[in-house]
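The structure under discussion appears below in the form of structure tokens.
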Amino acid sequence: MLSIFSLISIIDIRSKAKDNQLKIMAEQDFDIGDLVWAKMKSFPFWPAQIVNPPTVKGKIFSTKGLQKKKPTYRKAQHYVFFFGSKNYAWILDENIVPHSEEMLRKVKKKKSVFYVKAIEEIVEASLAIVPKPELVKKDYVENRDLDKITEFPSIKEDELFKKPTIRFVKRGRTTKQKNGEKTKKSSQKRNLTEEATDEKLSQSKLCKIPPNNALSKDSDNPVSIVLPFADISRAASEYYELPPRPSLDLKKETMRTYDRPTSKKIGFVGLGMMGQRIVKNLLHSGHDISVWNRTPEKCEQFVDAGAKHFSTPADIVQNCDIIFCCVSGPEASKSLLYKNCGILEGLEKCQFGSKGYVELTNIDHHTSLEISEAISERGGKYLEAPVTGSLSLAEEGSLLILSAGDHELFRSCETCFFSISENIHYFGYDVGTPSKLNLIHSTLMGVANASLAETMALIDRMDLPKTSFLDAIKLDSICCPLFSESGQAIADQNFSFNTSLNHIQKNLHFALRLGSLYTQPLRLTSAANELYKKTKSHGLSDCDMSAAYLGAKK
């Protein structure tokens, strides 16, 4: 009996000693604002700073999202902000090392763009911090070497830039293998969960609101694409400086001859990237233009060029004969109709049948039918005329217009249409048909561009010259302006805005709904839509659709 009690006592003592050791190694004195080097799984140590987790009305963000209270973890950890990559993550204390000169000396000469930026930021931050006296904390240690316990983990020089390793987990193990791993089941679950969380954090952009004490100088820099922190090994070759969106030169005229403009007064609602270029061509062709935009500042340059400006859409309706609408999508179009001082309110104050409304926005056919009904009920004439084309085609006045609706209104708009388009098709009174055809046109263009993006990504992965491939397809019947322009943009790494990637993805989404309505499978469209959604998740919504190449590479 004595031997049994002695054995139980020894096991209990060893268990307590092990718990104390883990507690001592996990607890480190890190304060908010401390400069550190933090390590995520499968990635090297990286310059970082201890920060407060962002809170929203008393709630705390954690690695699992928005929670009601700070999560309780078995091991101590801190919320850190990574310099250079501008990412955030919860990191275990055992993977955090205080910033020191020794860490800077261990950095290799060959460094990525992000790593150089991160080092510069942590050095600058360290210069601004007043050094505080070091306090020696005595832990509860018995018969142990204090230096070994309080020693920070050492970092090998080759480990600092070690490439991420990919772990493959076998599925469908045999019964024998499963029985042999029962004792490790709970620890494996925790490890896999932690790895999945770290991978999700490294691939997401969590830095929409930088911390107050984070040093950042990006506010005045040109637009740039910052890759996720996870892809450090390829960061140097995948950092793209994008020029700002193309500016509008109102003085530059297209080399075209215009017909005599209509005597009717034209109102234009929506001065986005496409709307600005349409209004510019309408002014150059001599039309009497009045404009309204949600942001009044965008109207100033057109007022200087000869346009009139009204404060509400209702004012535009009351003072113009034909109103053109060109906004971002169906939600924006319906908002302009039903809002206070909107289009419908303006029509109710006008003589029945005296106003025409032309919808240039890319919308689905259900929305077009709803707008047509609302306009007609209030005595207006409706014409559906979605425009198709890139910014460069809009600048040249070479957009494609597919229209349907009131024939008299279509005839009244001919001089306006010929100012912005060389190809105009009228489908009679069948409202909804142009919207469907426009979505089908965008589907073909989006799928073809996605195919080119994946092809160029494969060429890049095989280290083959992209320009040689583009020169080769120019000699083949497959060559078309879409492949030439997008392919050249990919080869030049220039993804500045021409044909909106976000716009293409929205149209693919509407096309999938259309296919579902008519029970027509659209497998290629669905795959292309997922590629564009993935590209948008990397913060590339406002880029040209050729940026799908970046989504295909990741």
Where chymotrypsin sites (Phe, Trp or Tyr not before Pro) fall in DSSP loop in the range 345-422, at most 15 other Cβ within 10 Å: 352
Sequence order, the range 98-107: Karplus ³J(HN,Hα) from phi using 6.51 cos²θ - 1.76 cosθ + 1.60, θ = phi - 60°, Hz rounded, Gly and Pro as x, gives x, 5, 7, 5, 4, 5, 5, 6, 7, 6
For residue 36, list long-range residues whose amide hydrogen, built 1.01 Å from N in the peptide plane, is under 5 Å from its own amide hydrogen. 48, 49, 50, 99
Antiparallel %, DSSP beta bridges [both residues in the range 325-437], to 5: 25 percent
Residues whose placed amide H lies under 5 Å from that of residue 324, excluding near-sequence neighbours: 267, 268, 269, 358
Simple spin-label estimate for residue 76 and residue 295 in nanometres, 7 Å along Cα-Cβ: 4.8 nm
With the cut-off at 20 Å, tell me which of the pairs 506/533; 339/533; 334/355; 264/355 have Cα atoms farther apart than that. 339/533
I need the phi-derived Karplus couplings for the range 342-359: 6.51 cos²θ - 1.76 cosθ + 1.60, θ = phi - 60°, integer Hz, Gly and Pro marked x. x, 4, 5, 5, x, 5, 5, 9, 10, 5, 4, x, 9, 10, x, 10, 10, 9
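After finding the eigenvalues of the alpha carbon gyration tensor for the range 421-491, what semi-axes result from the square roots of 5 times each, listed largest first in whole Å?
Semi-axis lengths for the range 421-491 are 33, 13, 8 Å.
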Give me 416, 480, 350 ranked fewest to most by other Cβ atoms within 10 Å of their Cβ, as a rough exposure proxy. 480, 350, 416
Using alpha-carbon positions, what is the distance between the centroids of the range 360-430 and the range 497-524, in Å? 20 Å
In sequence order, what are the phi-derived ³J(HN,Hα) couplings for the range 44-51 according to the Karplus relation 6.51 cos²θ - 1.76 cosθ + 1.60 with θ = phi - 60°, rounded to whole Hz, with x for glycine and proline? x, 5, 9, x, 8, 8, 6, 9
I'd like the Kirkwood hydrodynamic radius of the range 308-444, using the inverse of the mean 1/r over distinct C-alpha pairs, in Å. 15.0 Å
Both in Å, the radius of gyration and Dmax of the C-alpha trace of the range 429-535 are 15.4, 54
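Based on the Cβ-Cβ distance of residue 400 and residue 116, what FRET efficiency does E = 1/(1 + (r/R0)^6) give at R0 = 41 Å, to the nearest 0.05?
With R0 = 41 Å, the Cβ-Cβ based efficiency is 0.30.
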Residue 380's amide H: which non-local residues (gap 5+, or another chain) put their own amide H closer than 5 Å, with H modeled 1.01 Å from N in plane and none for Pro or chain starts? 353
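Since every read-out is calculated from the coordinates, none of them should be taken as a lab result. Every value quoted in this text rests on a predicted model; they were computed, and no experiment measured them. Cβ coordinates were reconstructed from backbone atoms using ideal geometry, including for glycine residues, and neighbour counts include every protein chain displayed.
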